[in-house]
1. Quick test for you: out of A:194, A:225, pick the one residue that is modelled with pLDDT of 90 or more, over 18 Å from the mean Cα position of the chain (by Cα) and open to solvent by 60 Å² or more (accessible area, probe 1.4 Å).
2. Pull up the range A:111-124, narrow it to residues that are in a helix (DSSP H, G or I) and more than 9 Å from every other protein chain (Cβ to nearest Cβ), then point me to the one that is farthest from the chain's Cα centre (by Cα).
3. Looking at the range A:55-76, which of its residues are crowded, with 17+ Cβ neighbours inside 10 Å and within 8 Å of another protein chain (Cβ to nearest Cβ)?
4. Filter the range B:176-200 down to the residues that are assigned to a loop (DSSP other than H, G, I, E, B) and among the basic types (Lys, Arg) and list them by number.
5. Consider residue A:49 against the criteria (1) crowded, with 17+ Cβ neighbours inside 10 Å; (2) out of contact with any Leu (no Cβ under 6 Å at 6 or more places or on another chain); (3) free of Cβ contacts under 8 Å to residues at least 60 places away in the same chain: it satisfies all of them except one. Which criterion is unmet?
6. Quick one: is residue A:107 outside any loop (DSSP other than H, G, I, E, B), open to solvent by less than 20 Å² (accessible area, probe 1.4 Å) and either within 13 Å of chain B (Cβ to nearest Cβ) or closer than 21 Å to residue A:209 by Cα (or both)?
7. So which residues in the range B:250-259 are part of a strand (DSSP E or B) and open to solvent by 10 Å² or more (accessible area, probe 1.4 Å), if there are any at all?
8. How many residues does the range A:170-201 contain that are of a type in the set (A, V, I, L, M, F, W, C), in contact (Cβ under 8 Å) with a residue 60 or more places away in the chain and away from every other protein chain (no Cβ under 12 Å)?
Amino acid sequence: MSLLEIKNLHVNVAGHEILKGIDLTINAGEVHSIMGPNGSGKSTLAQVLARREAYQVTDGQILFDGKDLLEMKPEVAACEGVFLAFQYPVEIPGIGNTYFLRSALNAIRKYRGLEEMDAMDFLPMFREKLKLLEMDDKLINRSVNEGFSGGEKKRNEILQMAILEPKLAVLDETDSGLDIDALRIVASGVNSLRSKDRAMLVVTHYQRLLNYIVPDFVHVLVDGRIVRSGGPELALELEDKGYGWIEAEAKAPASV
Amino acid sequence: MTTAIQNVESYLESFTEFEKSSSGSNLPWLRRLQEDAFARFCQTGFPTTRDEDWRFTNVSAIARTAFSLAEKGKGRVSDSDLKPWRVEDAAAQLVFVDGQFRGDLSALGTLPASVSILSLKEAIAKNPSALEAHLGRHLDIQRDAFSALNTAFIEDGVFVHVARGATLDQPIHLLFVSTTAGSPRMVHPRNLLIFEKETQATVIEEYISLGGGTVFCNSATELIAGDNAHVSHYMIEREDKDAFNISTLRVQLGRSTNVASHSLLLGGGLVRNNVHPVLAGEGAECLINGLFVGNGKQHLDNYMHVEHASPHCASRQFYNGILDGHAHGVFHGRIVVHKDAQKTDAKQTNRNLLLSDDAQIDTKPQLEIYADDVKCTHGATIGQIEENALFYLRSRGIDEVSARRCLLMAFAGECLDRMKPGAARDHSERLIHEHLLTIANQLPAATPSKGKAPRNWEEVG
């Protein structure tokens, strides 16, 4: 059984059809990348996987670990093992990073029938993961993402992923806005989390991130459909030629 | 305005009886104070929404109801009834049932000789000269009919005197209990809190209901802070949803004092919270901090009147409101800077969260500045729970109710952060936590309310 099976997914956002029939299967241990021009529906797919309710699924099915993902609330999807690294992580003044992450971890542990983790056990683990992402200890006491730089926010997303240990990690443009040092840190954090039990879906506009996180499969999304799938070499081809040719190709059959 | 005339007559009856009964005072100065106050009340009657200070709050439900004074010793309350309402680690706990001090339910602990805490009634009987210089000397009965009414019916409440240099580490807890009212009943608790020079203390005034009914609680507190005194005052309103609660805190700040007024409005039906500090001594600092949380058809009105009367004083007003259901909140922040109060630094911020389409907030700054070298700022915001933040928390596995409570707590936490660490703050934090959990549980109010709105206060009574 595959970890994630998306079949004929159609999604409307504010009355417009954004995804027009997506089929995608991801097995545990695999890293897939979704590439595509702006407005092609990449982020919509990521948000639907995290169960954002504003995105209305009009047709199709998503099975996660054999269960109907579309029936799940965001928190249930998270407890089942879906994690979205946000393109724009949200600042939440007044809620401490530590409190937030421990609450999240314990919600997930509780759901899985595990004992909750107390602060004494949590803090050392938290500090360890901070080191992995080369993040400052002072973040422990700050509010969630408040006053973080763009790079710090993205690192914080990967930090959360490292702590919550999802089965499927969806990275939505995690590379955008990062300088090369931050990109390396984020990528090495992500790579350290690759495992045979965990799948990743890396959504990106640029090929650059894929130099560091080398995917097993690359899919190109144009106008709400996957128009081409291949290996990592497809990403390089796109980097060379841009999206123009593939967009033209995608439109061609319709005009014939 | 026939209703106004009728109701003044009913108060006249109550006042005549009050004066005749043992409750009436034999002290000439106090009697005069009460008679003058009652005369003033008869002149003005209750305010209407045409009165600028009452524009957003209609008290006709109070004006139309014929309240009578609580009968003595009727309210049955036992020690175990009060157990859940006690504050741990209080230096002293005074309990008032339907306005009457109850020694049997109170615990005065072992207080240092420099601190005296007793009921106002006892203080009037035993040592009236200690009161004369302050009682009724600060409260503005000319401008405010409710303060006049309270003064007319001065009988019981608390008298606190902290002698020069004394420090109380733990709070003084004043618990005002309303018991079941068969017919509409009124109480007028009156408190006098005197903190001499270089003292430090915390007082919690808390209003609760044990049993429902139409209760009108009209309290007034005069707080006098001597030079260099550090005082925290907490007003906590947790009465039933059918209670009328008008409270007035009048603070007199001496030179280099630091007074904090914290208000937590969590209960009550029609609530008016008046806070009136006068920064009379040079270099005084005043924090006016509050949180009001309303749902159902609660009406929570906060009227701040901050008077800068001396140079180099600073005042900070921070009020946060959370309103759900058909609740109506009001924040009126009036700052008056007198001619000689140069170098005044006054700041005012009111932030509000509206959780439903039918919740309402009226927020109004009012600055009157007669000095020419001052810094006054004000700001207000109104918003909803951020859907992005809610989704972010949920996407990490936190369920919707907990996520909402987290976000509400973060918003309310701003007010907690301004309280000094200690028993009073812990108590406040616990109450806010519990209250916001119930509010979060009643959400998601994402489903729009259907049908007719429940009656509001103008139509009740």
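1. Numbers: A:194 fails: over 18 Å from the mean Cα position of the chain (by Cα).
It is A:225.
2. Filtering the range A:111-124 down to residues in a helix (DSSP H, G or I) leaves A:111, A:119-124.
Pick out the ones that are also more than 9 Å from every other protein chain (Cβ to nearest Cβ) and you get A:119-124.
Details: A:119: 28, A:120: 30, A:121: 27, A:122: 24, A:123: 25, A:124: 26 Å.
Checked the range A:111-124; the qualifying residue farthest from the chain's Cα centre (by Cα) is A:120.
3. Scanning the range A:55-76 gives A:74, A:75.
4. Result: B:197, single match.
5. Single failed check for residue A:49: (3).
6. Working: outside any loop (DSSP other than H, G, I, E, B): yes; open to solvent by less than 20 Å² (accessible area, probe 1.4 Å): no; either within 13 Å of chain B (Cβ to nearest Cβ) or closer than 21 Å to residue A:209 by Cα (or both): yes.
Judged against the criteria, residue A:107 is not a match.
7. Taking the range B:250-259 first, the residues part of a strand (DSSP E or B) are B:250-253, B:258-259.
If the condition is that a residue be part of a strand (DSSP E or B) and open to solvent by 10 Å² or more (accessible area, probe 1.4 Å), then B:250, B:252, B:258 are the ones that fit.
8. Let us first name the residues in the range A:170-201 that are of a type in the set (A, V, I, L, M, F, W, C), namely A:170-171, A:178, A:180, A:182-183, A:185-187, A:190, A:193, A:199-201.
Then drop every residue that is not in contact (Cβ under 8 Å) with a residue 60 or more places away in the chain, which leaves A:170-171, A:199-201.
Then keep just the ones that are away from every other protein chain (no Cβ under 12 Å); that gives A:171, A:199-201.
Result for the range A:170-201: 4.
The values are calculated or read from the model by the stated rules, or taken from the named source; none is laboratory data. Only a predicted model underlies this, so the values are computations on that prediction, with no experimental measurement involved. Quick reminder, even Gly has a Cβ in these numbers, built from the backbone with ideal geometry, and neighbours come from all protein chains shown. Note: accessible area is taken over every heavy atom of the protein model, side chains too, but ligands, DNA and RNA are not part of it. Shrake-Rupley method; radii C 1.70, N 1.55, O 1.52, S 1.80 Å.
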